[in-house]
Amino acid sequence: MAKPLTDQEKRKQISIRGIVGVENVAELKKGFNRHLHFTLVKDRNIANPRDYYFALAHTVRDHLVGRWIRTQQFYYETDPKRVYYLSLEFYMGRTLQNTMINLGLQNACDEAIYQLGLDMEELEEMEEDAGLGNGGLGRLAACFLDSMATLGLAAYGYGIRYEYGIFNQKIRDGWQVEEADDWLRHGNPWEKARPEYMLPVHFYGRVEETREGSKWVNTQVVLAMPYDTPIPGYMNNTVNTMRLWSARAPNDFNLKDFNVGDYIQAVLDRNLAENISRVLYPNDNFFEGKELRLKQEYFVVAATLQDVIRRFKTTKKHGSGRTSFESFPEKVAIQLNDTHPAMAIPELMRIFVDIEKLDWDTAWDLTRRTFAYTNHTVLPEALERWPVELLETLLPRHLQIIYQINQAHLDRIAAFFPNDVNKLRKMSLIEEDGCKRVNMAHLCIVGSHAVNGVAEIHSNIIKTQVFKDFSELEPKKFQNKTNGITPRRWLLLCNPGLAELIAEVIGEDYVKDLSQLQKLVDFVDDAAFICDVSKVKQDNKVKFAQYLEKEYRVKINPSSMFDVHVKRIHEYKRQVLNCLHIITMYNRTFNNTLSGWLFHTKRSAVAPPQAAPGYHMAKMIIKLITSVADVVNNDPVVGNKLKVIFLENYRVSLAEKVIPATDLSEQISTAGTEASGTGNMKFMLNGALTIGTMDGANVEMAEEAGEENLFIFGMRVEDVAQIDKNGYDAMVYYQNIPELKQVMDQITSGFFSPKNPDLFKDLTNMLFKHDRFKVFADFEAYIKCQEKVSQLYQNPKEWTKMVIKNIAATGKFSSDRTITEYATEVWGVEPTDLKIPPPNEPREAIEETARALKKL
């Protein structure tokens with residue numbers, strides 16, 4: 001059980017984690033007991049920890065509801081421009097602790113739960129992760145929602161309420177096995193179903209041309225049921241909404257089967273409609289042209305746009321009667337998170353032209369001024385290209401609209417570049433090579449007023465390479481918005497010791513203005529601060545080691561260097577390169593001439609990633625890592641000098657434990673392949689040093705902290721381009737680097753798979769014959785850089801000084817900064833520090849705040 005805070009600890013935490021007032025604690029205890037009794041219908045004699053978690057969640061939610069309603073009242077009163085963030089993924093993780101922190105209730109709740117004789121940490125562990133995302137893209141969306149609420153923007157997240165989120169990963173005999181993530185099986189206390197706002201979404205059918213225009217008829221209807229989740233800003237009384245749609249079959253679904261007497265089959269067939277929101281597609285950085293996926297993408301945008309237009313029409317000034325769409329782009333901004341919601345562009349055109357009867361040119365002008373598009377990848381296999389044949393069947397009217405958009409687009413290109421057929425082919429929305437396909441990235445670019453990459457290097461690549469023709473035509477359209485992370489979850493929540501230590505020396509304002517961390521530069525040589533930072537890290541490592549021993553039955557030495565590589569398994573992220581280094585370290589224990597100082601540094605290499613279920617090579621990489629771990633961890637000669645741990649089922653709540661305990665963060669993708677990365681920022685903020693290539697946001701991290709304060713190695717983008725030009729020959733590196741040859745010979749000979757020597761044949765063939773990401777080319781530089789890491793780690797004071805310099809340089813990587821840039825440079829809205837009046841103030845207070853906002 002957690003012990004109560006001392007008076008000194010309470011004073012230290014007052015600003016960041018809320019005030020422990022007697023009234024607060026008494027009210028929370030009363031609410032907890034009320035919910036246990038009336039909501040859960042339990043008493044303390046039969047309640048279990050999950051019941052206690054639900055009672056606490058409902059109690060905290062009570063504190064959200066008044067602010068949530070008040071926020072919507074405020075938006076109705078002020079009629080601000082609203083921002084809609086459309087994403088097929090929102091990787092939210094757990095909600096309880098984040099809500100307590102943002103409402104300033106953390107300490108009061110801790111005290112109330114302690115007085116009730118319960119353990120807060122045990123209750124928090126009862127919450128299921130809302131794993132509605134595969135990785136970085138979905139987690140970014142979650143950070144953005146937090147920042148939009150904290151900055152007082154009238155913003156909404158729209159997505160799908162997947163019944164099954166990202167799969168649960170199990171490791172059996174070293175292989176990944178996937179299990180369904182039934183995250184809703186115990187219920188979700190944070191969501192509110194809104195059946196009164198259920199909306200129809202149409203599929204299939206055909207298009208009829210009439211005097212009134214085109215009509216989409218004989219469609220199959222699926223209903224979209226909204227579930228709302230509150231998104232609280234940090235200490236500002238703003239509570240925004242994330243609305244997730246769930247598919248429901250209408251009561252007359254397959255009515256013909258009822259009529260012929262097959263009632264049972266007709267009821268069972270309802271599942272066909274409801275499958276749309278059944279499961280999150282688990283592929284990351286790989287496009288699968290499946291009909292169900294296209295249905296999901298259209299389902300979310302069709303329901304969302306109906307909702308957006310309903311809200312646009314309903315204002316205090318106009319009642320429910322705003323009929324002119326002239327001001328639509330002044331009141332609505334829609335951000336497309338990658339190409340997954342791209343069907344929103346033809347869908348809005350369909351609504352404007354077919355339903356609202358606007359002329360084509362007006363509708364297209366409004367549409368382009370409304371949408372903006374974020375690109376998240378440069379990998380060709382990840383770019384969505386939907387077969388025309390599939391679109392013709394599933395969404396026939398939308399295909400017509402896409403053709404019309406494309407014709408106008410190509411006419412414009414032809415006017416600029418007469419007789420340049422190649423230019424028309426490269427820039428067309430329709431790809432004619434082989435199977436005719438719609439290039440969704442091209443549709444997003446043509447249908448948006450702004451296009452952005454997510455790191456400087458990535459934005460330059462999409463401007464100068466991937467979308468070069470488009471950028472040359474409309475250079476002002478292309479921008480950069482370097483990704484960021486929310487410091488509320490990724491510092492206050494996951495690393496309270498460090499958050500409180502920073503507040504002690506520079507004050508607590510950094511929580512909403514992360515650039516203030518720059519003040520820590522003044523403490524780089526402060527012996528007491530160096531000692532305190534080092535102690536916080538060691539405490540986190542001890543806590544994580546205890547967690548590993550309890551949950552995974554794995555023992556690691558907390559004084560060893562925690563070397564962590566947590567990313568979705570993909571060839572471009574180069575987990576294989578890390579694995580080759582681990583084998584090299586293992587080999588050096590048997591070679592006295594090489595081991596020397598290197599193994600004065602004990603290492604615990606932690607690798608908890610997942611592979612997409614259909615990605616064979618990624619699964620082979622996992623099997624290699626687990627096989628290497630079996631050999632290394634059971635070799636008595638190595639002992640405790642080196643441990644390799646593969647943590648299964650990596651997720652947000654596990655990241656919150658791993659990241660604060662990490663010493664070394666691995667960011668080793670091939671230069672020019674990682675769009676940004678946000679894990680790198682989380683590690684940096686939590687006091688890990690980075691070993692990495694000049695790729696993604698690593699480039700800007702090196703600019704902010706100084707390249708000398710990161711362990712940078714390997715090829716740059718121009719080096720990769722030169723190798724591509726000259727031709728990459730893996731055998732040259734294999735034959736000229738003895739340690740690499742030894743490692744590869746071990747893998748190919750079955751040293752790590754004695755029962756099946758050819759087990760890794762596919763993997764080694766890829767590395768030798770068709771490695772697009774050039775692992776061998778960076779091997780030598782990586783090994784030398786790792787030696788520098790080990791050297792520095794043996795000087796704890798200098799290591800910690802470098803850590804402080806890194807933390808001080810993370811201000812740029814707050815998602816508050818990213819969202820401020822989106823707001824002012826893309827969406828045309830201004831963040832505000834104004835606090836919405838709390839629920840206990842009269843409604844007139846809203847009008848006063850609204851007037852103050854207008855003056856600003």
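The values are calculated or read from the model by the stated rules, or taken from the named source; none is laboratory data. None of these values were measured; they are calculated from a predicted model. Here the Cβ positions follow ideal geometry from the backbone for every residue, glycine too, while neighbour counts run over all protein chains shown. Keep in mind that these areas ignore ligands, DNA and RNA; they rest on the heavy atoms of the full protein, side chains included. Shrake-Rupley method; radii C 1.70, N 1.55, O 1.52, S 1.80 Å.
Scan region 661-668 and give yes if some residue there is open to solvent by 10 Å² or more (accessible area, probe 1.4 Å) and outside any strand (DSSP E or B), otherwise no. So far as region 661-668 goes, no, none of its residues is open to solvent by 10 Å² or more (accessible area, probe 1.4 Å) and outside any strand (DSSP E or B). What about residue 792, is it surrounded by 14 or more Cβ atoms within 10 Å (Cβ to Cβ), assigned to a helix (DSSP H, G or I) and not assigned by the TED database to the domain that holds residue 571? It is false that residue 792 is surrounded by 14 or more Cβ atoms within 10 Å (Cβ to Cβ), assigned to a helix (DSSP H, G or I) and not assigned by the TED database to the domain that holds residue 571.
Test of understanding: among 338, 354, which residue is open to solvent by less than 30 Å² (accessible area, probe 1.4 Å), among the acidic types (Asp, Glu) and either outside the structural domain of residue 399 (by the TED database) or more than 30 Å from residue 90 (Cα to Cα) (or both)?
354
Looking at the structure I just gave you, is residue 636 assigned to a loop (DSSP other than H, G, I, E, B) and open to solvent by 10 Å² or more (accessible area, probe 1.4 Å)?
So residue 636 fits the description; yes.
Of the residues making up region 6-42, those that are modelled with pLDDT under 90, surrounded by fewer than 16 Cβ atoms within 10 Å (Cβ to Cβ) and either of a type outside the set (D, E, K, R) or outside any helix (DSSP H, G or I) (or both) are 6, 8, 14, 19, 21, 22.
Here is a check on your reading of the model: is residue 830 farther than 18 Å from residue 683 by Cα and touching a residue at least 40 places away in the same chain (Cβ under 8 Å)? Considered against the rule, which asks whether it is farther than 18 Å from residue 683 by Cα and touching a residue at least 40 places away in the same chain (Cβ under 8 Å), residue 830 comes out as no.
Residue-level check: of (1) in contact (Cβ under 8 Å) with a residue 60 or more places away in the chain; (2) assigned by the TED database to the domain that holds residue 560, residue 780 misses just (1). Pairs linking a residue in region 646-669 that is over 21 Å from residue 695 (Cβ atoms) to a residue that is open to solvent by 20 Å² or more (accessible area, probe 1.4 Å) and part of a helix (DSSP H, G or I), with Cβ atoms under 6 Å and 6 or more positions apart or on different chains, are 657/547; 660/540; 661/540. Given the condition of a type in the set (Asp, Glu) and within 30 Å of residue 718 (Cβ to Cβ), answer yes or no: does some residue in region 516-533 qualify? Within region 516-533, not a single residue is of a type in the set (Asp, Glu) and within 30 Å of residue 718 (Cβ to Cβ). Tell me whether region 65-76 contains one or more residues that are outside the structural domain of residue 347 (by the TED database) and farther than 17 Å from residue 233 by Cβ. The answer is yes, given that some residue of region 65-76 is outside the structural domain of residue 347 (by the TED database) and farther than 17 Å from residue 233 by Cβ.
What tally of residues in region 493-522 results from selecting those that are of a type outside the set (Asp, Glu), at negative phi and in a loop (DSSP other than H, G, I, E, B)? Here the count works out to 3. Restricting attention to region 670-682, the residues being touching a residue at least 40 places away in the same chain (Cβ under 8 Å) and within 15 Å of the chain's Cα centre (by Cα) number 8.
Which ones in region 156-198 are under 24 Å from residue 615 (Cβ atoms), of a type in the set (Ser, Thr, Tyr) and part of a strand (DSSP E or B)?
Passing the criteria: only 164.
One residue is enough: does region 485-492 have a residue meeting the conditions assigned to a strand (DSSP E or B), within 28 Å of residue 143 (Cα to Cα) and in contact with a helix residue (DSSP H, G or I) (Cβ under 7 Å, 6 or more places away or on another chain)? Among the residues of region 485-492, at least one is assigned to a strand (DSSP E or B), within 28 Å of residue 143 (Cα to Cα) and in contact with a helix residue (DSSP H, G or I) (Cβ under 7 Å, 6 or more places away or on another chain), which makes the answer yes. Listed by position, the helices (runs of 4 or more DSSP H) contained in region 684-788 that have at least 1 residues being touching a Gly at 6+ places or on another chain (Cβ under 6 Å) and open to solvent by 50 Å² or more (accessible area, probe 1.4 Å) form an empty set. Quick check, is residue 234 in a loop (DSSP other than H, G, I, E, B), modelled with pLDDT of 95 or more and either open to solvent by 30 Å² or more (accessible area, probe 1.4 Å) or not hydrophobic (A, V, I, L, M, F, W, C) (or both)? Here the answer is yes, as residue 234 does meet what is asked. Just wondering, is there one or more residues in region 827-836 that are within 33 Å of the chain's Cα centre (by Cα) and part of a helix (DSSP H, G or I)? Within region 827-836, one or more residues are within 33 Å of the chain's Cα centre (by Cα) and part of a helix (DSSP H, G or I).
Residues checked against (1) closer than 28 Å to residue 381 by Cα; (2) among the polar types (S, T, N, Q); (3) touching a Cys at 6+ places or on another chain (Cβ under 9 Å); (4) at pLDDT below 95:
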site	(1), (2), (3), (4)
649	yes, yes, no, yes
664	no, no, no, no
686	no, yes, yes, no
700	yes, no, no, no
722	yes, yes, no, no
763	yes, no, no, no
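The set of residues in region 367-382 that are open to solvent by 20 Å² or more (accessible area, probe 1.4 Å) and not in a helix (DSSP H, G or I) comprises 376, 378.
When region 502-522 is examined, which residues are found to be closer than 27 Å to residue 558 by Cα and surrounded by 20 or more Cβ atoms within 10 Å (Cβ to Cβ)? If the condition is that a residue be closer than 27 Å to residue 558 by Cα and surrounded by 20 or more Cβ atoms within 10 Å (Cβ to Cβ), then 502, 503, 520 are the ones that fit. Residues of region 218-229 that are open to solvent by 10 Å² or more (accessible area, probe 1.4 Å) and either of a type outside the set (Phe, Trp, Tyr) or in a loop (DSSP other than H, G, I, E, B) (or both): 218, 219, 220, 221, 223, 225, 229.
Scanning region 60-88 for residues that are within 28 Å of the chain's Cα centre (by Cα) and in a helix (DSSP H, G or I) turns up 60, 61, 62, 63, 64, 65, 67, 68, 69, 71, 72, 75.
Can you confirm whether region 197-212 contains a residue that is out of contact with any strand residue (DSSP E or B) (no Cβ under 6 Å at 6 or more places or on another chain), touching a residue at least 40 places away in the same chain (Cβ under 8 Å) and closer than 30 Å to residue 50 by Cβ? No, that holds for no residue. Picking from residues in region 526-554 that are surrounded by 15 or more Cβ atoms within 10 Å (Cβ to Cβ) and in a loop (DSSP other than H, G, I, E, B), the one that is modelled with the lowest pLDDT is 554. If you go through region 450-497 and keep only what is of a type in the set (Ser, Thr, Tyr) and either assigned by the TED database to the domain that holds residue 703 or open to solvent by less than 30 Å² (accessible area, probe 1.4 Å) (or both), you end up with 459, 471, 482, 486.
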